[in-house]
Amino acid sequence: MFGKRKERGLREAGWGQTLFAGAIGLIYFFPVLWIIMTAFKTRTDALATPPKFIFTPTLDNFVSVFWRVSQQGNEAISTGFGLYFFNSVFVAASGVLLALIIGTLAAYGFSRYPLKGNDTYLFVILTTRMLPPIIVIIPIFLMFRLTGMSGSYYGVILLYAAFNLPFSIWMMKSFFDELSGDVEDAARLDGSSERGVFFRICLPQLKAGLAATAVFALILTWNEFLFALLLTGSDTRTVPVAMARTIGGELGVDWGLLAAIITLFLIPVFGVTYLLQNHLLRGVTFGTIKK
Amino acid sequence: MSTIETSNLTKRFGDLTAVDGVDLDVAAGEVLCLLGPSGCGKTTTLRMIAGLENATDGDVHIAGRRVNDLSPAERDIAMVFQFYALYPSLTVAENLAFPLHAEKMTKAEIDARVAVVAGKLALGDVLHRLPNHLAEGEKQRVAVARSIVRDPNCFLFDEPLSRLDVELRMAMRGQIKEILSELSKATVIVTHDQLEALTMADRIAVMRDGRIEQIATPHDIFAHPKNVFVAGFIGTPQMNLLEGQLLRQNGQASFALAGQEVSLELHDAHDRLHAGESYTVGIRPRGLEPLSEAAPGSLAATVDLVEPMGAETLLHLQADDQDIRVVVDRHRVVREGERLHLGLAADKLHLFGQNGGRIEL
């Protein structure tokens with residue numbers, strides 16, 4: 001019996017197991033699914049009790065994300081969400097990219113050229129993330145006011161880069177630690193410069209690590225609300241802030257509109273994660289699965 | 001000239017002295033094996049020669065030039081690593097071409113060189129694969145090919161065959177030996193496998209605790225081990241090392257070995273031996289001969305375990321709680337529990353003084 005079992009090894013799951021896993025997956029995915037469904041419902045369908053699972057889909061909510069009808073007549077007025085989506089993409093992408101560049105270089109240093117008290121430095125770097133943002137925000141708000149960075153793109157991009165840096169360094173360091181030092185030594189003996197060792201030997205091995213770090217950073221930045229609320233201006237406002245501002249008003253919460261914004265807001269993160277998923281699995285397991 | 005020289009090479013990590021005053025001298029075309037148990041400092045010595053580790057003290061000369069302050073690249077060395085250290089994100093062809101990029105060659109020259117080494121090591125079929133998709137033996141061949149693609153000053157090998165299975169190891173051993181003799185460069189091979197050292201080296205340096213115990217040709221190191229450590233380390237099965245007091249010396253030297261008095265004919269060594277002192281008598285398992293009856297100079301022991309090894313049989317015997325190993329022809333039938341008289345032929349003996357040093361007989 002034992003022998004047979006062993007021989008089969010990692011076998012394909014049967015239907016029962018697949019359905020069971022699918023059901024559990026659905027429980028986790030249900031809120032997202034519900035939001036996406038709500039985005040396609042009319043206001044009446046969205047508020048119906050008991051909740052409706054079968055309904056006639058409409059794109060009205062998506063249209064009203066970007067345009068609303070003026071009170072005078074039939075003129076369509078932009079709601080500004082086009083800009084807010086651009087802001088979110090631009091700010092998150094720049095912030096993540098900056099954090100990734102600085103974080104990777106710093107992590108290489110920490111991993112390959114440890115300082116005296118290396119672990120202490122790494123710990124100190126992480127402490128900046130141990131305070132609740134609401135405490136950090138007050139001095140930062142004042143600093144931004146003082147330096148005139150309030151409401152500017154570069155201000156919020158720099159802040160997001162700084163915000164992503166600690167765990168970018170930690171994650172990338174763990175990936176660098178895993179690389180074989182022999183390979184780098186071989187490159188040195190083969191006449192490679194230190195820059196060549198980093199760019200031609202180390203970095204190509206870390207595609208998975210970079211992808212995983214980028215996705216983590218992106219998700220955190222993409223959904224960030226507090227800093228964005230206090231530090232962006234009307235031109236640089238990101239979607240989470242703008243979304244919050246749609247709540248309220250004489251009609252109460254327009255759930256359909258909110259769900260449409262969220263649905264659109266999900267697409268870029270979905271897309272990036274989907275594109276990077278092959279790298280991601282190897283990245284997030286932190287080498288616990290032998291390559 | 002392709003030579004490697006180290007003088008008083010020393011490496012300390014804090015309080016630990018990993019390499020302690022190593023003097024080596026490898027001539028052009030010579031293959032020197034650094035052989036020793038793990039942790040004896042052989043790899044550290046190799047890394048200092050390569051420039052991957054800074055020496056705490058002492059000098060490294062390559063091709064007659066002091067290279068202590070040169071980077072690994074400037075030393076113009078090729079090295080094969082234990083775990084191959086292939087560049088994982090580059091194909092085999094790109095791996096082989098990598099060392100040539102630093103030489104400022106044209107693409108055509110690089111391609112030609114890669115084709116030559118790929119042919120030499122039968123890598124033509126795998127040139128476009130990534131290292132992760134290669135078999136162990138292929139990885140090893142890529143590592144060797146990459147080291148010879150350039151024309152470096154000298155070669156360093158760190159446990160080059162330790163990851164291969166027995167059959168591949170034998171094949172690779174021959175292939176590497178062939179390539180090395182063709183290139184005729186100074187070469188240092190680090191290994192803990194004495195068979196590898198004995199077969200591949202022109203000279204072997206046996207290391208222990210950061211020091212070199214003996215440097216000699218494979219023949220000499222086997223025939224004239226300089227001390228008890230080398231005697232016990234080289235040769236399989238291991239040499240029998242029996243400690244005993246010299247009781248008398250009147251034409252014959254009588255030792256108290258394993259609770260028995262054994263008389264040995266030691267020729268002219270007599271005047272250098274002193275009654276009452278302890279000595280270590282070394283004899284290889286193939287140097288002991290089971291006799292049909294007790295004879296002068298024989299040692300009685302009981303057979304404890306019989307291990308057939310194919311052409312020969314290894315016997316483990318006990319004499320006064322001392323383990324004695326004897327190798328006999330496979331045709332000789334021996335039973336466990338049998339009592340044997342072992343003849344110690346004087347010309348096959350090794351004698352070591354109390355400090356472990358060899359006494360020439």
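None of the figures in this text is laboratory data; all of them are computed from the coordinates on show. Computed from a predicted structure; not experimentally measured. Every residue, glycine as well, gets a Cβ built from its backbone with ideal geometry; the counts of neighbours run over all protein chains shown.
Just a few scattered comments:
- Convex hull volume of segment B:148-219 per residue (C-alpha atoms, cubic angstrom): 107 Å³
- Whole-number D in µm²/s for segment B:240-359 (Stokes-Einstein; Kirkwood sum over Cα pairs; 10 °C, 1.306 mPa s): 108 µm²/s
- GNM result for chain A, Cα springs below 10 Å: residue of A:Thr246, A:Thr232, A:Thr18 fluctuating most strongly: A:Thr18
- Dimensions (Å) - the protein assembly as shown, Cα atoms, principal axes, largest first: 131, 65, 52
- Farthest towards the positive end of the charge dipole of segment B:154-227, among the residues B:Thr187, B:Met172, B:His224, is the Cα of B:His224, using unit charges on the Cβ of Lys, Arg, Asp and Glu.
- Candidates A:Leu220, A:Leu203, A:Leu189: whichever shows maximal mean-square fluctuation once chain A is modelled as a Gaussian network with Cα springs under 10 Å: A:Leu189
- Size of electric dipole in the protein assembly as shown: Cβ of Lys, Arg +1 and of Asp, Glu -1, about Cα centre, debye, nearest 20: 2840 debye
- Angle of helix B:166-183 to the longest C-alpha principal axis of chain B, folded into 0 to 90 degrees and rounded to 10: 60°.
- Between 0 and 90°, nearest 10: helix B:136-148 axis offset from chain B longest Cα axis: 70 degrees
- An ellipsoid equivalent to segment A:46-173, defined through the eigenvalues of its Cα gyration tensor, has semi-axes of 43, 20, 15 Å when rounded to whole angstrom and sorted largest first.
- 5 angstrom amide H check on B:Val19, placed H, neighbours 5+ away: B:Lys11
- Calculated SAXS-style log₁₀ I(q)/I(0) at q = 0.11, 0.12, 0.14 Å⁻¹ - chain A, Debye, Cα scatterers: -0.87, -0.98, -1.15
- Amide H contacts for B:Ala300 (H built 1.01 Å from N in the peptide plane; partners 5 or more residues away or on another chain; cut-off under 5 Å): B:Leu342.
- Spread of Cα-to-Cα distances over 10 Å intervals beginning at zero, given as percent, for segment A:38-120: 14, 21, 20, 16, 12, 13, 4, 0
- Cα gyration tensor category, rounded, prolate or oblate, for segment B:100-196 with a/c compared to 1.5: oblate
- Centroid-to-centroid, using Cα positions, segment B:24-69 and segment B:110-156 are 25 Å apart.
- Relative intensity of segment A:14-78 on a log10 scale, I(q)/I(0) at q = 0.27 Å⁻¹, equals -1.07, per a Debye sum over C-alpha point scatterers of equal strength in the absence of solvent.
- 3J(HN,Hα) from dihedral phi, segment A:24-34, Karplus parametrisation 6.51/-1.76/1.60, rounded to Hz, x for glycine, proline: 5, x, 5, 4, 5, 7, 4, x, 5, 4, 4
- Cut-off under 5 Å, modelled amide H: who pairs with B:Arg248 long-range: B:Ser254
- Percentage relative contact order, segment B:240-359, counting C-alpha pairs under 8 Å, at least six apart: 28 percent
- Pairs from B:Lys42/B:Lys104; B:Lys185/B:Lys226; B:Lys104/B:Lys185; A:Lys173/B:Lys104 whose Cα-Cα separation, in the structure shown, is over 26 Å: B:Lys42/B:Lys104; B:Lys185/B:Lys226; A:Lys173/B:Lys104
- Top positive-direction residue, dipole computed over the protein assembly as shown with Cβ charges, set B:Leu361, B:Met1, A:Thr104: A:Thr104
- Cα-centre dipole for segment B:4-233 with unit charges at Cβ (Lys and Arg positive, Asp and Glu negative), debye to 20: 280 debye
- Ranking B:Val19, B:Ile283, B:His61 by Cα position along the charge dipole of chain B, where only Lys, Arg, Asp and Glu carry charges on their C-beta atoms, puts B:His61 farthest toward the positive end.
- Gaussian network model of chain A, springs between alpha carbon atoms under 10 Å - residue of A:Val91, A:Val241, A:Val183 with greatest fluctuation: A:Val183
- Likely footprinting exposure, A:Val215, B:Val142, fewest C-beta neighbours within 10 Å first: A:Val215, B:Val142
- The Rg/Rh ratio for chain B is 1.07, where Rg is the radius of gyration of the alpha carbons and Rh is the Kirkwood radius.
- For chain A, the dipole from Cβ point charges (+1 on Lys and Arg, -1 on Asp and Glu) about the Cα centre works out to 720 debye, to the nearest 20.
- Only helices enter this figure: runs of n ≥ 4 DSSP H residues, each worth -39500 (n - 2.57), summed and divided by the residues of the protein assembly as shown, yield -13500 deg cm²/dmol at 222 nm to the nearest 500.
- Measuring between their Cα centroids, segment B:180-252 and segment A:29-57 lie 83 Å from each other.
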